[in-house]
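Computed from the coordinates by the stated procedures, all read-outs in this text should not be read as laboratory data. As the structure is a prediction and not an experimental result, all values here were calculated from the model. Note that each Cβ is placed from the backbone with ideal geometry, even for glycine, and that neighbours are counted across all protein chains shown.
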């Protein structure tokens, strides 16, 4: 159980209810996931994070599936179970199959490996990589 | 400077030379980046990591640009300067513009944020997310 | 279950018993929490960590509640469930309500976000920030 | 240098200029720090992060100094140099002296230590810590 | 349960079966651990990671027990439960007793502490430490 | 430069001077490294961390070189430059050659990789690994 008492749907009102309704409509789901019922214990955070996610995950130069897979990559690196499971589920819905997940995880694993090698040996950045702006 | 003395190209021979030649040919570059000259101090690691990266980064279900952007996401989360700069440079070569990098970083930032929120509140995983296999 | 067999209270003697008694008295609790029964498998670590925590968490320029909230911030960033739950409980005892926890988590989330943005873009430190000593 | 070309003040217009002006006014400084000139390469991110920080860092149940110290705690745990230096500078301005920084860092260090001990031994959460909501 | 459906032994064939057989023979165990049944959902990753581990963990300048203890150190720092438990079990088999685990964890805890102190204060590297190559 | 003004040797007195003298004698060096001159800005932390390190790094069931290599493993995973460089230097003094460092880094890299794979796929712990106490 979370470290706060979640705000259940029937207890939601005001700005919390508005966000809950928007989550269910935007996602096309009939329930409010636990992360939102937890953040609702601090309404300004609920509102800010939900608005941020809606904006960040909207289709743009990168498509929603790519964005969900990047979310899985970040969450796997940080080891956030809730986030790994929810973003994997979201990516599945958008078409990620085992082969794509396999490639995603292979990339995530490889660069967690090389990150620790480059840091551990304190490899100096090649000047060819310095001017990417 | 790295914590080992790198193996410069003119000092490379045997399996190290072979990997160096393959790196320059595969990448179409006229020099060997520092990470490889560092790993060359332990030839089995040089060989294993290079073979692994060639295999993992090859086009598959995910395209090379998506893979490089995932590498940037992982490296940003771990804060590996060498890796951030080299993979950003690689993604640039494959067509990533400021807008795409902006969306990538927005996603990376957002989920580093929500990862710490989900963990910090110890949010329980919704059962709807448990069955993704 | 832990990866070692914990030292239960009835089996404790010598320096382990002394620390156990001090923990119960200092904290005003009738039991010894699992972290201490685990560290007791290596008595010098038990003694050193307990003495360190007593000293570090004592009131000083920062008050105990602020210190417990910083402990929650660190533990949330590292995703240590035991630590998140025990320090949240300790902060609750010292008066942290949902609003304070909400602000704490909002700050923790925000800076986990901006940390990855500053690292991911490799933003150069402004010289105005260099001279804080 | 950052991995993108920063938007200098003289090149800023539209929503970027508005944010730049607000930053300088809100902070009472005559320049725009590099993090914002970097995020300005993706205007929706600049706007969202700045609005978020203004809201999150405003005085509430926690005072601004406590919030800046929590920012230092998170940034030290993640090792973000830019963030450590900028939030340490901000906390200094708000009155943090060497003694307070010393206590802050002692707490940060201690719980990075105990986090790895609790995780490394896989200590089970005491039931007394489970009901904090 | 994992985020993919594991490949059970009776369903394994081709290169997956070969790896499974090699794992059981090399480790002298009568079952295939879950990590391998999970990686088998992406056969090239299964093959690459197993070959890598066999090579990396073979006796060399460092003995297998030291290598398993380093694996516990890394996994404790990253908080990977699966990895902590499996490498602790492997180290136990190779002779690690509670005293050795206690010293290992004391070292892991201490340097997670000092890492955050050195980063948090942004301590400059002494020139005496720069020339280790 | 650090975020505090370090206490130089000539300005040290009382408990700070005692620790400085002990560091130089114990380590057999003619100077005080920057980490200690930084921690000296908060004398109780200086004293506690130095006493802790002396105790933790003393020969025991694990030898000092193994302990220094574990310190390098933790510091590489956390990316603490100061710590990587100082512990690599210490391990070199105790006899670590390029081959040993190569094996150490190969192990560190491999398990940073598999940590993210086990977490990313949320692999369930085999019951065979649960009873190590």
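Things to note:
- Against the compact-protein benchmark of 2.2 N^0.38 Å, the Cα-based radius of gyration of the range D:1-58 scales to 1.04.
- Cα-based helix-to-principal-axis angle, B:43-57 vs chain B, degrees rounded to 10: 50
- Relative contact order (%) - the range A:1-58, alpha-carbon pairs under 8 angstrom, separation at least six: 41
- In the elastic network of chain F, a GNM with C-alpha springs shorter than 10 Å, the most mobile of F:11, F:73, F:90 is F:11.
- Over chain D: helical MRE at 222 nm, DSSP H runs n ≥ 4 each giving -39500 (n - 2.57), nearest 500: -21000 deg cm²/dmol
- Chain F holds its axis-closest Cβ, relative to the rotation onto C, at the residue and whole-Å distance F:52, 4.
- The tail of the calculated P(r) for chain F, taken as Cα-Cα distances beyond 18 Å, holds 66 percent of the pairs.
- Top of A:53, A:70, A:84 by mean-square fluctuation, Gaussian network on chain A, Cα under 10 Å: A:53
- Exam field: residue F:55 pseudo-label spacings to other copies (7 Å along Cα-Cβ), nanometres: 0.9, 4.3, 4.7, 4.7, 5.1
- Where labels lie 7 Å past Cα in the beta-carbon direction, separation of residue F:63 and residue A:31 in nm: 5.7
- Contact order normalised by residue count of chain C, Cα under 8 Å, 6+ apart, percent: 17
- Using a 7 Å Cα-to-Cβ projection, residue D:128 label spacings across copies, nm, ascending: 3.8, 3.8, 4.5, 4.9, 6.1
- Chain A: most fluctuating residue of A:96, A:69, A:110 per GNM, C-alpha cutoff 10 Å: A:110
- Diffusion coefficient, µm² s⁻¹, Stokes-Einstein with Kirkwood Rh over alpha-carbon pairs of the range D:61-120 at 4 °C and 1.567 mPa s: 109
- Whether the protein assembly as shown is rounded, prolate or oblate, judged on the alpha carbon gyration tensor where a/c under 1.5 counts as rounded: rounded
- Using a 7 Å Cα-to-Cβ projection, residue D:9 label spacings across copies, nm, ascending: 4.5, 4.5, 5.2, 6.4, 7.0
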